[in-house]
Amino acid sequence: MKYLTFLLSLFIASTTAFAPKSSPALSRTSTPLFATIEFVRGLTEKDVPDVKLTRARDGSSGIATFKFSNPNCFDASTAEAGEVTGMFMIDEEGEVSTTQVNASFSNGKPQNIEATYVMNSSGEWDRFMRFMERYGESNGLGFNKAS
């Protein structure tokens, strides 16, 4: 019975890696993790995106699609910070980036951003998932696995 409880606790911890903290028993006591997204170098994006992941069955590749509904890089107050040159995912390990960034416009004004990050190896997938774990924990993102 003790062994089953241990396995169950390992299963619960692994399946709720991106879930918001729901009880003190599941919260971590380590130092806060650092992870940010930038579209303009030096300007942290405050809008938390919806992220959809797909992965090849053999784990050899994957795609992450980010949808930002109200990115602050379009705010008038941040206009002098620079232009959008890509999406930069920064954490304590370094930086992961993509230039596949598209904005949608309504009445001539930018409304949202969709960015796509393509992973071409299992190593790139693992690195991205480490970033997302840190980013999710920093921003309260939840992880829902498809059935």
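Going by what's in this entry, would V84 be described as outside any strand (DSSP E or B) and β-branched (V, I, T)?
Yes, satisfied.
Could you tell me which residue of region 50-85 is farthest from M132 (Cα to Cα), considering only residues that are without any contact (Cβ under 8 Å) to a residue 24 or more places away in the chain and either open to solvent by less than 20 Å² (accessible area, probe 1.4 Å) or of a type in the set (S, T, Y) (or both)?
S77
Quick check on region 137-144. Is at least one of its residues modelled with pLDDT under 95, in contact with a helix residue (DSSP H, G or I) (Cβ under 9 Å, 6 or more places away or on another chain) and part of a helix (DSSP H, G or I)?
no
Which members of region 96-111 meet the condition of being out of contact with any helix residue (DSSP H, G or I) (no Cβ under 9 Å at 6 or more places or on another chain) and open to solvent by 40 Å² or more (accessible area, probe 1.4 Å)?
S97, T99, Q100, N102, S104, F105, S106, N107, G108 - these are the residues of region 96-111 that are out of contact with any helix residue (DSSP H, G or I) (no Cβ under 9 Å at 6 or more places or on another chain) and open to solvent by 40 Å² or more (accessible area, probe 1.4 Å).
Write out, first by first residue and then by second, each pair whose Cβ atoms fall under 7 Å of each other, whose residues are 6+ apart or on separate chains, and whose first residue, in region 87-99, is on the phi < 0 side of the Ramachandran plot and assigned to a strand (DSSP E or B) while the second is of a type in the set (D, E, K, R) and open to solvent by less than 30 Å² (accessible area, probe 1.4 Å).
Every condition considered, the pairs that remain are F88/E38; I90/E38.
Could you grab the pairs with beta carbons closer than 8 Å, sequence gap of 6+ or different chains, first residue in region 123-147 and closer than 12 Å to A35 by Cα, second one open to solvent by 50 Å² or more (accessible area, probe 1.4 Å) and of a type in the set (D, E, K, R)?
R130/E93; F131/E93; R134/E92; E137/R28
Looking only at region 44-66, how many residues end up being at pLDDT below 90 and β-branched (V, I, T)?
Number of matching residues: 0.
I want to confirm something. Restricting to region 34-43 and keeping residues that are touching a strand residue (DSSP E or B) at 6+ places or on another chain (Cβ under 8 Å) and open to solvent by 60 Å² or more (accessible area, probe 1.4 Å), which single residue is modelled with the lowest pLDDT?
This residue is F34.
Hey, can you tell me all the residues within region 119-147 that are loosely packed, with under 12 Cβ neighbours inside 10 Å and closer than 19 Å to F68 by Cβ?
Listed by number, the residues that qualify are G140, G142, N144.
The values are calculated or read from the model by the stated rules, or taken from the named source; none is laboratory data. Since this is a predicted model, take the numbers as computed values, not measurements. For neighbour counting, all protein chains shown are included, and Cβ atoms are generated from backbone atoms with ideal geometry for every residue, glycine included. Please note that ligands, DNA and RNA were not included when accessible areas were found on the heavy atoms of the full protein model with its side chains. Shrake-Rupley method; radii C 1.70, N 1.55, O 1.52, S 1.80 Å.
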